[in-house]
Amino acid sequence: GVAEMILYKTLAVQLGINLNRLNISVMSVEGVGFATYIRILDALDIKWFIRTDNDIVKIPRTETYRYAGVERGLSCLSEHIVDDDDQRELDDNRKLIYGFNSKENIPANISSAASTIIDILKKYGIFLASVGLEEDLYYSPIKESLKKYYGEDLIDSEVISKMKNHKAINMYDFLKQNKTCLSLLSDNQICHPLIKAKEFNYVLNNYCV
């Protein structure tokens with residue numbers, strides 16, 4: 001969405017990644033409908049990297065849950081060639097990531113299966129948040145900047161709730177005052193899509209030379 005666009009373009013500047021020079025575009029899908037974008041980019045032979053939420057949702061008309069974000073990541077990978085060993089790992093673990101009874105107390109074998117899939121997806125340019133953008137930003141090295149901006153008297157859940165309310169406007173206003181704090185995220189997983197895009201373009205440009 002718009003908030004993510006604002007964040008990643010500002011983050012690139014703070015990390016010294018020149019998007020224009022490297023011919024990297026930050027695109028907003030405005031939701032979770034990645035399939036059409038992937039088909040278009042593949043048809044144009046354009047390398048893509050994706051970041052999406054690691055959301056867990058209730059399965060309709062049941063009392064069970066599923067790793068919706070992980071399933072979304074798998075669907076993005078579905079039409080691409082995957083290493084045989086990776087494919088076996090995916091096949092073995094994907095059946096475990098739905099049908100569990102609580103998202104607060106997920107059995108160890110189920111969370112392990114999800115983690116295994118997430119690690120494989122990274123290899124193919126598909127990155128999942130730990131939870132969602134707001135949670136990942138809050139529980140990161142910029143937490144103190146966020147607390148100072150939203151209210152130091154607020155508890156964690158209240159700050160995150162405020163971040164999600166009018167999120168694009170809040171993101172813009174926060175970064176307008178605090179953009180330099182994003183340099184603290186240089187080693188954080190939030191940066192992985194940008195860093196991988198930079199590395200890919202570096203290798204490609206050197207190869208072409």
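The values are calculated or read from the model by the stated rules, or taken from the named source; none is laboratory data. A quick note: this is a predicted structure, and the numbers were derived from the prediction, not measured. Virtual Cβ from ideal backbone geometry, glycine too; neighbours counted across all protein chains shown. Heavy atoms of the whole protein, side chains included, go into the accessibility calculation; ligands, DNA and RNA do not. Shrake-Rupley method; radii C 1.70, N 1.55, O 1.52, S 1.80 Å.
Things worth noting here:
- With 5 Å bins from 0: P(r) over segment 2-84, alpha-carbon pairs, percent: 3, 11, 18, 19, 18, 15, 9, 4, 2, 1, 0
- Cβ crowding within 10 Å averaged over residues, with 181-192, 3-14 ranked highest first: 3-14, 181-192
- Treating r as the C-beta distance of A43 and K148 and R0 as 35 Å, the FRET efficiency rounds to 0.15.
- Antiparallel DSSP beta bridges within the chain, percent to nearest 5: 60
- Legend: Rg and Dmax of segment 62-167, from Cα coordinates, 16.8, 52 Å.
- As a fraction of the 1.4 Å probe accessible area of segment 77-204, surface on carbon and sulfur atoms comes out at 50 percent.
- Loop-located GluC sites (Glu not before Pro) in segment 79-114 whose Cβ has at most 16 other Cβ within 10 Å (DSSP): E79, E104
- Global geometry of segment 1-44, whether rounded, prolate or oblate, following the gyration tensor of its Cα atoms and the 1.5 cut on a/c: oblate
- Cα centroid of segment 84-161 to Cα centroid of segment 50-75, whole Å: 11
- Listed values (1) 1, 6, 13, 17, 18, 17, 14, 9, 4, 1, 0, 0; (2) 1, 6, 12, 14, 12, 10, 9, 9, 7, 6, 5, 4, 3, 2, 1, 0, 0; (3) 1, 8, 17, 21, 22, 17, 9, 3, 1, 0, entry calculated as P(r) over Cα pairs in 5 Å bins from 0, in percent: (1)
- Accessible area expressed per residue, segment 1-160, with surrounding protein chains retained (probe 1.4 Å, Å²): 56
- Dividing the helix sum by the residues of the chain, where each DSSP H run of 4 or more adds -39500 (n - 2.57), gives a mean residue ellipticity at 222 nm of -16500 deg cm²/dmol.
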